[in-house]
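> Below you will find the structure I want to go over with you.
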Amino acid sequence: MQLTFYEVASVLKAKNDVHLFPDCTFRKAEFDSRLIGEGDLFLPLKGARDGHDFIATAFENGAVATLSEKELEGYPYILVDDVLAALQHLARYYLEKMKVDVFAVTGSNGKTTTKDMLAHLLSMAYKTYKTQGNYNNEIGLPYTVLHMPDDTEKLVLEMGQDHMGDIHLLSTIAQPKVGIVTLIGEAHLEFFKSRHEIAKGKLQIADGMKNGALLVVPADKIINDFLPSQQNVVRFGPDEDICLTKLEERKDSLTFETNFLTSAIDLPVTGKYNATNAMVATYVALKEGVTEEAIQKAFLTLELTRNRTEWKKAKNGADILSDVYNANPTAMRLILETFSTIPYNDNGRKLVVLADMKELGAESKQMHSAMITSLNPEILSEIFLYGEDMAALFSYAKEIFPLGRVHYFVKNAEKNQFPALVKAIKKVLQPADQVLIKGSNSMNLANLVEELENEV
């Protein structure tokens, strides 16, 4: 990290006399005292615990300075009004100093996958860094900026949204060269009134972008009211500026063609939505000068963030389509559509495990029950539903599926039937079967996947 003590103090307009302390160059910045090493800057954020309580520990671990919202004795420090605001301001300054091109990705679905794809493609021609894990909020994004390698040329940042204004803040910090909105779904409806409000929030990605910058958005009429006039807006979807012209889906891969490529792209993941994500990433990479040949080769070695759509093997040989990081109605419909179109294994069946989708607000039970339109009893042999809100879907599914083929397991404050769920799946899962597992991260379905991988 190319920042010095005096430089940071100047940028943050320190309220104390920092020249009482020696200048130094920081190795990195950390808000977790356990991650502090020799030469680091400590960022005592306030969360469940006040980071100021760990300043002594940070210095014991090697910190050479700290930010602080109160005066300190015995430690080199930079006095600020708000450590989080200071972190965000410092990240914006650092991006300007390092002259890095920022590519921002948001959306209700597909943002992490698109981020991974775009970063991988850009890395074919540039020193590229990206958001690690789910560090996509008001803390994670500036932290990512301060942790990028010194030689970074292209930085791909994921932007998450829980409340209105989140994307505005992140965009004004990052000031993206290119913005991408993958999809407007129903995620976080608990905190938003409607998809219309979600769209409004997502389009705030343009707030920190310069006039004429590239903004790639889906062909969804709901965003029309929020499209900025000052950016170069390119839309993707059927018959739009960029679109898929051919798609061939297989169990664990796909091939697609577009209206702007001269040849087809092979992708080592399944799902039409992933073809769309790859198409958008490809379009932006081409605009940045990555060749079509390099893009084709890059996709063959693509690695995505864990727990997104991923084929795994149960101990008994059954195929597991794991998609357990998060869930909302749009994402669940898309993965059910993909799973339903995949060819059967010889002598095999298709089973589905669905768990609650969180943060859907007052309409949650209705949105869960609406999943019935994506469950076809002629294709799916067994349905396992887990969670309090999945009771709404169970009441419909048991009416259209043969008796005994729909299983419901509750998870609420009084009762958690996860062990019973695991036992029931293991009892019926056969070596030639395919099983889709989908639900919100808090439903802990990753543990179910591990149980099936290790023992059936």
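The values are calculated or read from the model by the stated rules, or taken from the named source; none is laboratory data. The structure presented is a predicted model; accordingly, all values stated were derived computationally and were not measured. Please note: Cβ atoms are built from the backbone with ideal geometry, for glycine as well, and neighbour counts cover all protein chains shown. The accessibility values were calculated without ligands, DNA or RNA, using every heavy atom of the protein model including side chains. Shrake-Rupley method; radii C 1.70, N 1.55, O 1.52, S 1.80 Å.
> Let me know the number of lysine pairs in the stretch 134-244 closer than 26 Å at the Cα, not counting same-chain pairs under 8 apart.
Taking the stretch 134-244 as the scope, the lysine pair count is 14.
> Something else: With +1 assigned to the C-beta of every Lys and Arg and -1 to the C-beta of every Asp and Glu, and no other charges, what is the dipole magnitude of the chain about the Cα centre in debye, to the nearest 20?
The dipole magnitude comes to about 860 debye.
> Distance from the Cα centre of the stretch 325-375 to that of the stretch 86-127, in angstrom?
For the stretch 325-375 versus the stretch 86-127, the Cα centre distance is 31 Å.
> Can you list the lysines whose alpha carbon sits under 24 Å from that of residue 46, skipping same-chain ones fewer than 8 residues off?
The reachable lysines, counting only those whose Cα sits under 24 Å from residue 46, are 13, 15, 28, 70.
> Using only the alpha-carbon atoms, what does the stretch 68-123 span along each of its principal axes? Please give whole angstrom values in decreasing order.
Projected onto the principal axes, the Cα atoms of the stretch 68-123 cover 48, 27, 16 Å.
> Over the stretch 1-80, one equal point on each Cα, no solvent: what is log10 I(q)/I(0) by the Debye formula at q = 0.13, 0.20 Å⁻¹?
With no solvent term, the Cα-only Debye profile gives -0.33, -0.80.
> Once the Cα gyration tensor of the stretch 58-202 is diagonalised, what are the square roots of 5 times its eigenvalues, in whole Å and ordered largest first, as equivalent ellipsoid semi-axes?
Those come to 29, 21, 12 Å.
> Sticking with this one: Can you give the accessible area of residue 330, probe radius 1.4 Å, in Å² rounded to 10?
Answer for residue 330: close to 20 Å² accessible.
> Compute the accessible area per residue over the chain, keeping the other protein chains in place, probe 1.4 Å, unit Å².
On a per-residue basis, the chain sits at 43 Å².
> Once the whole set of protein chains is in place, how much accessible area is left on residue 24, using a 1.4 Å probe, in Å² to the nearest 10?
Accessible area, nearest 10 Å²: 40 Å².
> Any chance you could look up the accessible area of residue 398 with a 1.4 Å probe, heavy atoms only, rounded to 10 Å²?
Its accessible surface works out to 100 Å², give or take rounding.
> In Å and on Cα atoms, what radius of gyration and Dmax does the stretch 247-406 show?
So, for the stretch 247-406, Rg and Dmax equal 18.0, 57 Å respectively.
> Still on this structure: Note the count of lysine pairs whose C-alpha atoms are less than 28 angstrom apart in the stretch 289-422, limited to pairs 8 or more residues apart or on different chains.
Count of close lysine pairs: 22.
> Something else: At a 1.4 Å probe radius, which order do 153, 453 fall into by accessible area, largest first?
From most accessible down to least: 153, 453.
> If I fit a long axis through the Cα atoms of helix 390-400 and take the longest principal axis of the Cα atoms of the chain, what angle between them do I get, 0 to 90°, rounded to 10?
For 390-400 against the chain, the angle is about 20 degrees.
> OK, next. Run the dipole for the stretch 172-236 about the Cα centre, Lys and Arg Cβ at +1, Asp and Glu Cβ at -1, nothing else charged, and hand back the magnitude in debye, nearest 20.
200 debye
> Counting alpha carbon pairs within less than 8 Å and at least 6 residues apart, what relative contact order, in whole percent, applies to the chain?
11 percent
> Please state, to two decimals, what the Cα-based radius of gyration of the stretch 363-456 comes to when divided by 2.2 N^0.38 Å (N = residues).
So the Cα radius of gyration is 1.06 times the expected 2.2 N^0.38 Å.
> Specify the angular offset, from 0 to 90 degrees and rounded to the nearest 10, of the alpha carbon long axis of helix 418-428 from the longest principal axis of the alpha carbons in the chain.
So the inclination is approximately 40 degrees.
> What is the percent carbon and sulfur in the accessible area of the chain, measuring with a 1.4 Å probe over the protein chains and ignoring ligands?
C and S atoms contribute 47 percent here.
> Now a separate question. Hey, what's the Kirkwood Rh for the stretch 273-329 if you take every pair of different alpha carbons, in angstrom?
Over the stretch 273-329, the inverse of the mean reciprocal pair distance is 13.6 Å.
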